[in-house]
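Report on one structure; see the data block that follows.
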Amino acid sequence: MSEPHKDSPPVEGSLRAHVFDGIAEYNRRLPNWWLLTFYGAIVFSVCYWFYYAQSGIAPSDGARVEEELARIEAAKMASSVAIDDGNLWKMSRNAIFVEAGKSTFKSTCASCHNEKLTGGIGPSLVDNTWIHGGKPVEVYHTVEQGVLAKGMPAWGPVLGNKKITEVVAYILSYHEEGEPAQAASAAAAGAP
């Protein structure tokens, strides 16, 4: 066995009886920082396992995958330039679009249409009576161009295409597909 270097500090403790490849170990306690890290990692792993696997507090992997797929689908739909009834109905079933539309609606439209879309100064958006057309494209154009004769400003220059699409998706999320369009057709025909 080799002697310690002259400049190294003296090491306290006895050597263990075994030697492997010419290496001998001192019989000493591990440093406190090392033990704290080791036991801390054990506690962290148990807490992590409990939070994600057992408690039900954190979203499951399946829920996180569904959320990410909805976000990807929303990004695809947002980049599509075709604004038609089918795309607007699809957007109204996407949680990402509906949440974005809800926040825009609350900041710009709720003062006239109420936060619950039940109306106030402006008409209700949750019933089946649609004054300016109930098809999704007609709703889009009403929001975009406004109805100045009735006091609704044109939101197109203020909000832009994407935010208007999100607001329309939020409004349509309160309806079943085809619902407002049927009511608008019935109102145009003079049905009660």
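At 0.36 nm per residue, minus the direct Cα-Cα distance, what do residue 111 and residue 93 gain on full extension? Give it in nm, one decimal, please.
Details: separation 18, 0.36 × 18 = 6.48 nm, distance 2.47 nm.
Extra length from residue 111 to residue 93 when fully extended: 4.0 nm.
Using a 1.4 Å probe on the protein chains only, how many percent of the accessible area of region 92-143 belongs to carbon and sulfur?
Numbers: 1470 of 2600 Å².
Heavy-atom surface of region 92-143 belonging to carbon and sulfur, 1.4 Å probe: 57 percent.
Under a crude label model (7 Å from the Cα following the beta-carbon direction), how far is residue 148 from residue 27 in nanometres?
The two pseudo-label positions are separated by 9.7 nm.
Full extension from residue 54 to residue 131: what is 0.36 nm times the residue separation minus their Cα-Cα distance, to one decimal in nm? Kindly include the intermediate steps, with their values, before the conclusion.
Values: separation 77, 0.36 × 77 = 27.72 nm, distance 5.17 nm.
Additional length available on full extension: 22.6 nm.
Rule-of-thumb check for region 80-146: C-alpha Rg over 2.2 N^0.38 Å? Working shown, then result.
Working: Rg = 12.1 Å, N = 67, 2.2 N^0.38 = 10.9 Å.
Its radius of gyration relative to the 2.2 N^0.38 Å reference: 1.11.
Going toward the positive end of the dipole of region 31-186, with +1 on Lys and Arg Cβ and -1 on Asp and Glu Cβ, which of 69, 31, 147 do you reach last?
Result: 31, furthest along the dipole toward the positive end.
What ³J(HN,Hα) values, in whole Hz, does the Karplus curve 6.51 cos²θ - 1.76 cosθ + 1.60 give for region 55-64 when θ = phi - 60°, with x put for Gly and Pro?
Whole-Hz 3J(HN,Hα) from phi for region 55-64: 7, x, 6, 7, x, 6, 4, x, 5, 5.
For residue 155, what accessible area in Å² do you get when you roll a 1.4 Å probe over the heavy atoms of the protein chains, rounding to the nearest 10?
50
Which FRET efficiency value, to the nearest 0.05, is calculated for residue 72 and residue 17 with the Förster distance at 45 angstrom and r the Cβ-Cβ distance? Numbers along the way, then the final one.
Values: r = 63 Å, r/R0 = 1.39.
Using R0 = 45 Å, I get an efficiency of 0.10.
Which FRET efficiency value, to the nearest 0.05, do you get for residue 103 and residue 46 by plugging their Cβ-Cβ distance into 1/(1 + (r/R0)^6) with R0 = 35 Å? List each step's numbers first, then the result.
Details: r = 38 Å, r/R0 = 1.09.
Using R0 = 35 Å, I get an efficiency of 0.35.
The values are calculated or read from the model by the stated rules, or taken from the named source; none is laboratory data. All values derive from a computational prediction rather than experimental measurement. Note that we place each Cβ from the backbone using ideal geometry, even for glycine, and neighbour counts take in every protein chain shown. Areas reflect the complete protein model, heavy atoms only, side chains present, ligands, DNA and RNA absent. Shrake-Rupley method; radii C 1.70, N 1.55, O 1.52, S 1.80 Å.
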